[in-house]
Amino acid sequence: MSKPKYYLTTPIYYPSDNLHIGHTYTTVAADSIKRFKKLQGYDVFFTTGSDEHGQKIQNKAKENGVAPKEYVDHIVASIKELWKMLEIDYDCFIRSTDEHHEKLVQKLFTKLYEKGEIYKSVYNGHYCTPCESFWTDAQLVDGDKCPDCGRPTHIEEEEAYFFKLSKYRDRLLKLYEENPDFIQPESRKNEMINNFLKEGLEDLCVSRTTFDWGVKVPFDEKHVVYVWIDALSCYLSALGFDGEGGEKYKEFWPANVHLVGKEIVRFHTIIWPALLMALDLPLPKKVFGHGWILFEDDKMSKSKGNVIYPEPIIELYGIDAFKYFLLREFTFGQDGSFSREKFLHRLNSDLANDLGNLVSRTVTMVEKYNEGIIPAPKAEEEVDKSLEELAVSVANKVEAEMEKLNFSYALEEIWRLIRRTNKYVDETMPWVLAKEEKKDRLDTVLYNLSESLRIVSILIKPFMEKTSDEIRKQLGINTEAKWEDSKVWNSELASIIGNKVEKGSIIFPRLDIQKELVRLNEANQKLIERRTKKVGNGEDKVEENKEVVEEVKEEAQEITIDDFDKVKLKVAKVVNCENHPKADKLLVLTLKIGDETRTVVSGIKKWYSAEDLIGKKVVVVTNLKPVKLRGIESRGMVLAAEDNEGKLSLLTTLDELNDGASIS
Ligand code: ME8
């Protein structure tokens with residue numbers, strides 16, 4: 001029997017800047033839905049991507065002196081890097097510049113025109129360039145300001161094509177009425193009806209002539225297709241739809257759910273279904289408009305310097321802690337406020353104290369009291385029943401919550417079981433049973449703890465795959481987790497009796513919150529500074545992601561004195577210094593280190609001239625592997641400090657010392 005199909009999408013994000021925790025939120029949620037549905041036996045297709053056309057991107061590329069495609073190519077590479085880091089399991093990353101997508105847009109546009117759904121006229125309206133949006137008088141704030149970004153708009157008048165959106169008002173209202181789940185959560189539906197449909201819809205401007213970075217209208221090439229027809233039809237081209245059919249399209253369309261942020265619900269629940277109606281194509285089943293992640297109750301923005309990037313968090317605490325926090329802390333449909341304290345508290349309470357602790361004490365006790373073998377249950381008592389009943393009931397509750405995309409409630413149900421199991425340890429006191437040599441009862445308790453954890457390992461899999469795998473490994477389970485196995489206690493098919501447990505490292509160590517706050521804040525600030533300095537060149541962005549990740553990793557890693565001892569540091573005297581003949585930024589230093597003389601090439605010419613250095617004492621790493629820098633072999637590295645304004649200074653000793661002196 002073929003598996004039921006499930007198609008879900010995230011928005012295709014603008015590659016105008018690095019993505020932040022908000023974009024990551026939607027993508028992580030989609031990824032968990034995919035994993036959950038897969039575990040339930042669905043054949044899932046998950047699309048994400050990038051929305052690359054438009055004036056804003058064209059302007060940004062110009063500012064940076066590169067062609068638009070070159071500009072987006074680099075940022076898209078860094079977006080893909082981020083999804084890879086988060087192990088996002090998407091099936092298609094659609095780029096609106098993909099050739100087959102552009103062809104589809106042209107086909108759909110032409111079809112709409114031929115059907116009389118699109119007509120040519122003149123547009124006259126308030127336009128916000130950064131947001132690429134026209135606004136009606138009623139929508140503007142403080143006279144002429146854009147309601148989205150608050151910047152001034154200006155009047156634009158131009159020849160344009162229009163889609164007859166106005167005629168779909170009644171059909172849209174009927175759609176909402178007949179499909180109460182089409183817009184979720186419910187409050188967003190009311191917003192759409194009251195704010196947009198009640199007053200009646202205006203036709204929609206769907207082409208522009210003032211910029212050319214877009215898909216050309218095939219029968220009128222001075223126009224490019226403007227925003228939404230281009231962006232929304234990505235959901236179809238991702239399935240290989242060519243205007244008529246396509247294999248994946250036939251299997252997966254209509255989408256089960258489009259996940260979007262609340263600010264673009266309007267486009268997905270008014271324009272998108274109207275376009276599909278006009279094209280006689282089936283409509284998606286659901287659009288879920290989730291809330292925004294704010295930073296300490298404020299909207300994140302680069303200019304306020306309060307953008308939270310996911311990379312440092314992931315590097316310091318791992319993918320699972322990050323995903324768990326996003327999905328557990330915020331109610332999906334509502335706005336939520338991010339703070340580092342909240343993140344660290346959740347880590348300590350839910351992951352270290354509740355889950356980590358349960359895994360570690362269970363495995364330790366099986367090792368200690370039964371030579372590492374999970375025993376069969378023997379003497380039962382009343383208290384076992386309540387644990388067992390709760391454990392087998394959680395999967396159904398998770399299913400019900402996931403149906404409504406209530407991630408936080410689904411996780412809360414799972415944590416109820418984890419906490420109940422921890423309480424069971426306190427109630428049954430296995431250490432007392434061991435002392436009193438009540439072996440049969442002890443076996444049952446050890447079994448029940450392990451069995452409860454087996455069930456937990458399945459339940460958390462869609463949200464925290466690595467942790468699920470780790471728990472299963474520690475329980476000696478080497479089979480794939482199956483969702484149905486979480487509904488049966490003492491399941492014969494998924495039996496763990498006789499398994500040898502394998503104690504691993506602590507899965508979530510307890511953190512010193514004050515210390516971590518400083519680390520987390522510094523890592524994010526560093527990234528913000530770099531990203532603010534280096535706008536533009538996306539290649540830098542990919543590199544810079546890697547650099548920062550490396551730095552954060554280094555910061556996260558404590559070293560022992562033995563590690564430090566590996567680095568041999570000495571005082572050296574600069575006996576000669578010359579400009580590198582083939583490089584603008586390099587100086588070639590001749591260093592005397594005791595009896596030895598060696599050449600070191602250093603990139604410090606911006607701060608020092610050759611004369612500044614001759615006769616000076618510096619600190620050099622002597623056991624660094626030699627490298628050739630522009631043809632000259634460098635044997636060692638001189639040390640320098642750099643402050644946050646980029647000023648650099650070479651290190652030396654406080655008192656005059658002979659060269660060759662060791663540093664430790
Ligand atoms: O709107 N909190 O792209 P975009 C939660 N290209 N989610 C957030 C968020 C925040 N603070 N910030 C961003 C576009 N998001 C269009 C979409 S779709 C056919 C075209 C998430 O780069 C959220 O999902 O501005 C939001 O809808 C999306 O990123 C906006 O991404």
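The values are calculated or read from the model by the stated rules, or taken from the named source; none is laboratory data. None of the values given here were measured: they were computed from a predicted structure. Cβ: placed from backbone, ideal geometry, glycine included. Neighbour counts: every protein chain shown. Surface accessibility is based on the protein's heavy atoms, side chains included, excluding ligands, DNA and RNA. Shrake-Rupley method; radii C 1.70, N 1.55, O 1.52, S 1.80 Å.
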- Query: In the range 126-173, carbon and sulfur make up what percent of the accessible area (probe 1.4 Å)?
  - Reply: 47 percent
- Potential extension, residue 658-residue 124 segment - 0.36 nm per residue separation minus Cα distance: 184.4 nm
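Given only helices, namely DSSP H runs of n ≥ 4 each adding -39500 (n - 2.57), what is the per-residue ellipticity at 222 nm of the chain, to the nearest 500 deg cm²/dmol? Provide the component values of the computation, followed by the final result.
Values: 23 runs with 271 residues, N = 664.
After summing the helix terms and dividing by residue count, I get -12500 deg cm²/dmol.
Roughly how many debye, to the nearest 20, is the charge dipole of the range 97-211 about its Cα centre, given +1 on each Lys and Arg Cβ, -1 on each Asp and Glu Cβ, and no other charges? The partial results should precede the final answer.
Working: 16 positive and 23 negative charges, 78 e Å.
About 380 debye.
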- Message: If each residue of separation counts as 0.36 nm, what is the full-extension length gain between residue 609 and residue 179 once their alpha-carbon separation is subtracted?
- Response: 147.4 nm
- When the charge dipole of the range 353-409 is computed with +1 at the Cβ of Lys and Arg and -1 at the Cβ of Asp and Glu, the Cα pointing farthest to the positive end, of 402, 362, 379, is that of 362
- Calculate, in whole percent, how much of the Cα-Cα pair population of the range 117-179 lies beyond 15 Å. 61 percent
- Query: Efficiency by 1/(1 + (r/R0)^6): what FRET value for residue 250 and residue 564, r their Cβ-Cβ distance, R0 = 51 Å, to the nearest 0.05?
  - Reply: 0.25
- Stokes-Einstein D for the range 305-440, Kirkwood Rh over Cα pairs, 10 °C, 1.306 mPa s (µm²/s): 91 µm²/s
- With a 1.4 Å probe and every protein chain left in place, tell me how much accessible area residue 319 has, in Å² to the nearest 10. 20 Å²
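Normalised radius of gyration for the chain, please: alpha carbon Rg relative to 2.2 N^0.38 Å, two decimal places. Mind dumping the intermediate values first?
Values: Rg = 30.4 Å, N = 664, 2.2 N^0.38 = 26.0 Å.
Computed over Cα atoms of the chain, the ratio equals 1.17.
How long are the three semi-axes of the equivalent ellipsoid of the range 27-80, in whole Å, if each is the root of 5 times an eigenvalue of the C-alpha gyration tensor, listed from largest down? Intermediate values should be presented prior to the final figure.
Values: eigenvalues 240, 17, 13 Å².
Each semi-axis is the square root of five times an eigenvalue, giving 35, 9, 8 Å.
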- Compute the length gained on full extension between residue 576 and residue 222: take 0.36 nm times their separation in residues and subtract their Cα-Cα distance, giving the result in nm to one decimal. 121.0 nm
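What FRET efficiency comes out for the pair residue 419/residue 502, r = Cβ-Cβ distance, R0 = 22 Å, nearest 0.05?
Numbers: r = 25 Å, r/R0 = 1.12.
Result of the calculation: an efficiency of 0.35.
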- In terms of modelled amide H atoms, which long-range or inter-chain residues lie less than 5 Å from the amide H of residue 294? 336, 337, 338
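For an R0 of 60 angstrom, estimate the FRET efficiency from the Cβ-Cβ distance between residue 62 and residue 440 and round to the nearest 0.05.
Working: r = 78 Å, r/R0 = 1.30.
Calculated value: 0.15.
Taking N as the number of residues in the range 571-632, what value does Rg over Cα atoms divided by 2.2 N^0.38 Å take? All intermediate terms of the calculation are to be shown ahead of the outcome.
Details: Rg = 11.1 Å, N = 62, 2.2 N^0.38 = 10.6 Å.
Rg over 2.2 N^0.38 Å, computed on Cα atoms: 1.05.
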- Message: From the C-alpha coordinates alone, can you work out the Kirkwood hydrodynamic radius of the range 328-400, in Å?
- Response: 15.8 Å
- Among beta bridges assigned by DSSP with both residues in the range 233-349, the antiparallel ones amount in percent, to the nearest 5, to 10 percent
- Item | Average silhouette area of the range 275-365, convex hull of alpha-carbon atoms, in square nanometres | 9.8 nm²
- Taking N as the residue count of the range 197-307, its alpha carbon Rg divided by 2.2 N^0.38 Å gives 1.29
- Query: How much accessible surface area, in Å² rounded to 10, belongs to the heavy atoms of residue 227 with a 1.4 Å probe?
  - Reply: 20 Å²
- Task: Tally the DSSP beta bridges in the chain and give the antiparallel ones as a percent, rounded to 5.
- Result: 70 percent
- Item | residue 662 accessible area, assembled protein chains, probe 1.4 Å, Å² | 90 Å²
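What is the magnitude of the charge dipole of the chain about its Cα centre, with +1 placed on the Cβ of each Lys and Arg, -1 on the Cβ of each Asp and Glu, and no other charges, expressed in debye to the nearest 20? Before the final figure, lay out each step's value.
On the way: 96 positive and 114 negative charges, 144 e Å.
The calculation lands at about 700 debye.
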- Query: How big is the range 47-136 on each of its three principal axes, counting only the C-alpha atoms and giving the largest first in Å?
  - Reply: 47, 31, 25
- Relative contact order (%) - the range 444-533, alpha-carbon pairs under 8 angstrom, separation at least six: 25 percent
- Note on the structure: Projecting the Cα atoms of 265, 514, 414 onto the charge dipole of the chain, where Lys and Arg contribute +1 and Asp and Glu -1 at Cβ, the residue farthest towards the positive end is 514
- Task: Report, largest value first, the span of the C-alpha coordinates of the range 105-249 along each principal axis, in whole Å.
- Result: 50, 42, 25
- Task: For the range 564-644, give the percent of accessible area contributed by carbon and sulfur heavy atoms, probe 1.4 Å, rounded to a whole number.
- Result: 50 percent
